[in-house]
Amino acid sequence: MSALTQEMMQITANVLQEWGMEATAEMQKLLLARVKRGNKTDNLLARSIIFDGSKVTTQGTTAIWNLNDYWVYVDLGVKGVQNKSKTYTSVDAPAGFKFKTLGVGFKMLHAFTDYIARKGIKVITEPGERVIEAQFSMAHAMAKAVKKKGLDGTRFYSDVFNEKGFKRLTDKLEKALGQEIEIKIIADFKN
């Protein structure tokens, strides 16, 4: 195996840049197509997918994607407390994900409260009840329902970053470089 020249590294970066843009567009398309009941929340996730591009480093060519921190749950799904929602596994999460209790944490409650406000969902109040209290109760009920039922995975990420997707990248690189190559993918998930 010969060492890559600076020119070859730049060609590699250019091919990775092109493939990265295609992968990003494919993830966004899959995410929006696989969302149930026109849930626009995942539109936020689709818009959060940012490809920072490729660059040549001393250790090779790198590419970085940034997504909202809940992407893995939307991709793989989360099994509900009271049912058997489809739950997918991956190398990074071999046991999959599941809700263990119906308790609703602050972050989840805040996310649903924000969702209600952002979507302009009408909050019905009881006589003497403040709107903020009714909104809090509605958010709690929504969060509890999600925890009961679970979330089916969309596989928007897993169906792009898989053996087939990396084969397309390898084929593009081999064509651009004019020689057989082997790529090494190092996934670094940051929380």
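Worth pointing out:
- Pairs with Cβ under 9 Å, 6+ apart, first in region 162-183 and open to solvent by 100 Å² or more (accessible area, probe 1.4 Å), second not in a helix (DSSP H, G or I): E182/M1
- Residue match in region 158-173 (condition: in a loop (DSSP other than H, G, I, E, B), at pLDDT 90 or above and within 26 Å of D114 (Cβ to Cβ)): no
- Subset of region 86-109 (residues that are of a type in the set (G, A, S) and open to solvent by 70 Å² or more (accessible area, probe 1.4 Å)): A95
- If only residues of region 76-85 that are touching a Gly at 6+ places or on another chain (Cβ under 8 Å), of a type outside the set (A, V, I, L, M) and at pLDDT 75 or above are counted, the one that is surrounded by the most Cβ atoms within 10 Å (Cβ to Cβ) is G77.
- Flag if K147 is of a type in the set (D, E, K, R), more than 23 Å from L16 (Cα to Cα), open to solvent by less than 90 Å² (accessible area, probe 1.4 Å) and touching a strand residue (DSSP E or B) at 6+ places or on another chain (Cβ under 9 Å): yes
- Among the residues of region 45-69, those identified as surrounded by 12 or more Cβ atoms within 10 Å (Cβ to Cβ) and over 14 Å from the mean Cα position of the chain (by Cα) are G53, S54, K55, V56, G60, T61, T62, A63.
- Scan of region 107-133 for residues that are in a helix (DSSP H, G or I), free of Cβ contacts under 8 Å to residues at least 60 places away in the same chain and of a type in the set (D, E, K, R), ordered by number: K107, D114, R118, E133
- Condition check for K119: surrounded by fewer than 12 Cβ atoms within 10 Å (Cβ to Cβ), charged (D, E, K, R) and closer than 21 Å to V35 by Cβ: yes
- Residue check for F112: open to solvent by less than 60 Å² (accessible area, probe 1.4 Å), farther than 30 Å from Q10 by Cα and touching a strand residue (DSSP E or B) at 6+ places or on another chain (Cβ under 6 Å): no
- Taking the conditions (1) of a type outside the set (D, E); (2) in a loop (DSSP other than H, G, I, E, B); (3) modelled with pLDDT of 90 or more; (4) open to solvent by 80 Å² or more (accessible area, probe 1.4 Å) in turn, M21 satisfies each one other than (2).
Condition check ((1) farther than 27 Å from A46 by Cα; (2) of a type in the set (S, T, Y)) across all residues:
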residue: T125; (1), (2): yes, yes
residue: A139; (1), (2): no, no
residue: K144; (1), (2): no, no
residue: F156; (1), (2): no, no
residue: E163; (1), (2): no, no
residue: A176; (1), (2): yes, no
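- Residue list for region 174-191, filter: modelled with pLDDT of 90 or more and of a type in the set (A, V, I, L, M, F, W, C): A176
The values are calculated or read from the model by the stated rules, or taken from the named source; none is laboratory data. Treat the numbers as computed from the prediction; the structure is a model and nothing was measured. For neighbour counting, all protein chains shown are included, and Cβ atoms are generated from backbone atoms with ideal geometry for every residue, glycine included. Quick note on the areas: whole protein, heavy atoms, side chains included, nothing else; ligands and nucleic acids left out. Shrake-Rupley method; radii C 1.70, N 1.55, O 1.52, S 1.80 Å.
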